[in-house]
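Q: I'd like to ask you about the structure that follows.
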Amino acid sequence: TDCRGLDIGSLVHLDVGEVLVYPAQATKPPPGEGLNKAATVTLHRCWPPNGRAHLEDHESQERYRRKIQAMTEEKRAKFIDYDCVAGIWKFQVDHF
């Protein structure tokens, strides 16, 4: 998608645990147009609220990874991966 001329700051909102594209529904184009398309989203530095030190053992990492997967799927996105060491969360959406 050619993003030249788009006001990305008003069209994309990042917050803890979410990515909103077209937060104002009135500005959202139909699926397949503008930024409202299939996308792979990669978020960096995504750590548990109580800090990444709580992900030191394998069991804690797997438990948190499953939590991230469930959160992703609740938002009707496809979970790809969560790297507990690097704090990288990847998922796909059909549209926003």
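The values are calculated or read from the model by the stated rules, or taken from the named source; none is laboratory data. For clarity, every value in this text was computed on a predicted model and none was experimentally measured. Here Cβ is always computed from backbone atoms with ideal geometry, including for glycine, and neighbour counts include all displayed protein chains. Please note that ligands, DNA and RNA were not included when accessible areas were found on the heavy atoms of the full protein model with its side chains. Shrake-Rupley method; radii C 1.70, N 1.55, O 1.52, S 1.80 Å.
Q: Please check which bits of region 43-80 a label hung off Ala86 would reach, taking the label as a point 7 Å along Cα-to-C-beta and the cut-off as backbone N under 11 Å.
A: Label zone hits: 43-45.
Q: Now for a separate question. Ignoring ligands, DNA and RNA, please state the percent of accessible area on the chain from carbon and sulfur, probe 1.4 Å.
A: Taking all protein chains in place, the chain shows 51 percent carbon and sulfur surface.
Q: Okay, next question. Considering only DSSP states other than H, G, I, E and B, which trypsin sites (Lys or Arg not before Pro) in region 1-92 qualify as loop sites with at most 11 other Cβ atoms within 10 Å? Don't skip to the end; give the middle numbers.
A: Values: sites: Arg4, Lys37, Arg45, Arg52, Arg63, Arg65, Arg66, Lys67, Lys75, Arg76, Lys78, Lys90; in loops: Arg4, Lys37, Arg45, Lys75, Arg76.
Taking region 1-92 and a limit of 11 other Cβ atoms within 10 Å, the loop trypsin sites (Lys or Arg not before Pro) found are Arg4, Arg45, Arg76.
Q: Please return the longest stretch of the chain lacking exposed loop sites, where GluC sites (Glu not before Pro) count only if DSSP places them in a loop and at most 12 other Cβ atoms lie within 10 Å.
A: 57-96
Q: Sticking with this one: What is the helix-to-structure angle for 58-74, meaning the angle in degrees between its Cα long axis and the longest Cα principal axis of the chain, kept from 0 to 90 and rounded to the nearest 10?
A: Its long axis makes an angle of about 20 degrees.
Q: Measuring from label point to label point, each 7 Å out along Cα→Cβ, what is the Thr42 to Arg76 span in nm?
A: 2.7 nm
Q: If you don't mind, another one. So, in Å, what gap is there between the alpha-carbon centers of region 19-43 and region 75-94?
A: 17 Å
Q: Let me know the Rg and Dmax you get for the chain when you use only its Cα atoms, in Å.
A: 15.1, 46
Q: May I ask you to give the solvent-accessible area per residue for the chain, in square angstrom, as obtained with a 1.4 angstrom probe?
A: Solvent-accessible surface per residue comes out at 70 Å².
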